[in-house]
Every structure is written in structure tokens, then in C-alpha cells.
């Protein structure tokens with residue numbers, strides 16, 4: 001967790017993260033979080049509007065860390081296809097390595113209208129905008145076919161990653177991230193036609 005938080009807030013965020021490794025968000029109470037954090041339940045409400053606000057903040061911190069890692073890796077590549085490969089690989093590995101991050105993003109927040117007003121969602125949009133721009137620049141440089149809708153390509157990539165990781169996250173299965181990302185990259189960028 002971010003070190004710029006007061007200690008109590010950091011403990012609360014860590015507690016929720018630990019509890020999410022064991023059970024679904026809806027099964028976790030603020031009393032559970034307070035007990036895990038070693039703080040009073042009232043302290044949760046000092047820092048967060050409600051339990052969902054706490055979830056969105058935890059997600060936002062994870063997304064920000066992910067965004068920084070992704071930017072570093074993408075900046076080391078030169079072609080659009082290499083950058084998109086990095087996006088697919090880094091995202092898949094992030095979901096599979098940090099199951100709490102994957103679980104929150106893929107299972108817990110999508111049915112919540114408040115999520116789409118949160119800072120976490122804004123950061124996700126910022127990441128998608130970066131990838132969209134990579135696609136457009138790749139088309140302009142002739143690296144990607146011009147007759148492809150950049151928005152659809154982005155959605156196909158994101159959907160592929162999420163579906164590849166979903167079973168692993170729901171059922172806590174082990175998946176070979178390298179194999180999955182190689183398959184997605186191969187199908188997306190080399191096609192399926194003989």
C-alpha cells in the first residue's frame with residue numbers, strides 16, 4: 001500500500017486486501033476489516049465513506065501501481081505490436097500474480113455504478129487511452145492494418161486477457177501466464193488463417 005497514508009488507513013487497506021484473498025467482498029463486513037486491521041470500526045468511516053469506497057481506493061492503488069509498471073515496460077519497446085504485446089503480457093501477469101487485484105477488477109466492481117465514477121475507473125480509462133493511441137500510431141506507421149477499428153481491437157485485447165484469467169481468478173487455478181499471452185499475441189497479431 002501507499003506509504004503516504006496515515007498508518008491507520010494503510011492498515012485498513014491491507015486488511016481488506018488480506019480478507020479478499022479468502023472471501024468475496026460482499027461476505028466481508030466492516031467489523032471483519034477493523035478486526036483484521038487491529039483498528040476500531042469508526043476509523044474506517046474516518047477515512048472512507050463506506051465499504052465500497054474502501055474497495056475502490058484499494059483498487060485505485062493497485063491500478064496506479066500497474067499503470068506505472070506498464071508505462072516503464074511499454075516505453076522500452078519501439079513498434080506498436082511490441083507495445084501491444086507488452087500490454088497483453090503485463091496485464092495477464094498482473095491479474096494472475098495479484099489475484100486480489102484481478103478479483104476486484106473482474107468480479108467485484110463492474111456491477112457497481114459508483115465504480116464508473118471512481119478514480120480507479122478514471123485510471124483504467126487513462127490506460128485504455130494510452131493503448132488506443134499506440135494502435136492509432138501503429139496504423140499511421142503502417143504497422144497495423146488501416147481497416148481495423150482501433151476501439152474494437154482494444155476491446156478484443158482486453159476481453160481476451162480477462163477471459164483467459166477469469167477461471168484462474170474465480171477458481172484459484174494456476175495458469176501458465178507466458179503460454180496464455182503467447183497464444184493471445186499469436187492469434188491477435190498473426191491471425192488464424194493459413
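Structure notes:
- Of the residues screened, residue 88 is one that is assigned to a helix (DSSP H, G or I) and under 17 Å from residue 177 (Cβ atoms).
- The number of residues in segment 111-124 being outside any helix (DSSP H, G or I) and within 23 Å of residue 150 (Cβ to Cβ) comes to 0.
Residue by residue, here is whether (1) farther than 15 Å from residue 161 by Cα; (2) touching a strand residue (DSSP E or B) at 6+ places or on another chain (Cβ under 7 Å); (3) surrounded by fewer than 14 Cβ atoms within 10 Å (Cβ to Cβ) holds:
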site: 62; (1), (2), (3): yes, no, no
site: 78; (1), (2), (3): yes, no, yes
site: 84; (1), (2), (3): no, no, no
site: 87; (1), (2), (3): no, no, no
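- The residues listed here are 167, 174; of these, the one that is loosely packed, with under 12 Cβ neighbours inside 10 Å and either in contact with a helix residue (DSSP H, G or I) (Cβ under 7 Å, 6 or more places away or on another chain) or outside any helix (DSSP H, G or I) (or both) is 174.
- Unmet criterion (only one of (1) assigned to a helix (DSSP H, G or I); (2) surrounded by fewer than 20 Cβ atoms within 10 Å (Cβ to Cβ); (3) within 16 Å of the chain's Cα centre (by Cα)) for residue 96: (2)
- Filtered residue count, segment 1-51, keeping only those that are over 20 Å from the mean Cα position of the chain (by Cα) and part of a loop (DSSP other than H, G, I, E, B): 12
- Scan of segment 106-138 for residues that are in contact (Cβ under 8 Å) with a residue 12 or more places away in the chain and surrounded by fewer than 17 Cβ atoms within 10 Å (Cβ to Cβ), ordered by number: 107, 112, 114, 119, 126, 128, 130, 132, 136, 137
- Only listed residue being at pLDDT 95 or above, closer than 24 Å to residue 126 by Cβ and buried (at least 16 other Cβ atoms within 10 Å of the Cβ), chosen from 33, 12, 74, 28: 74
- Scanning segment 125-161 for residues that are at pLDDT below 95 and in a helix (DSSP H, G or I) turns up nothing.
The values are calculated or read from the model by the stated rules, or taken from the named source; none is laboratory data. Quick caveat, the model's predicted, so the values are computed rather than measured. Ideal geometry is used to build each Cβ from the backbone, glycine not excepted, and the neighbour counts take in all protein chains shown.
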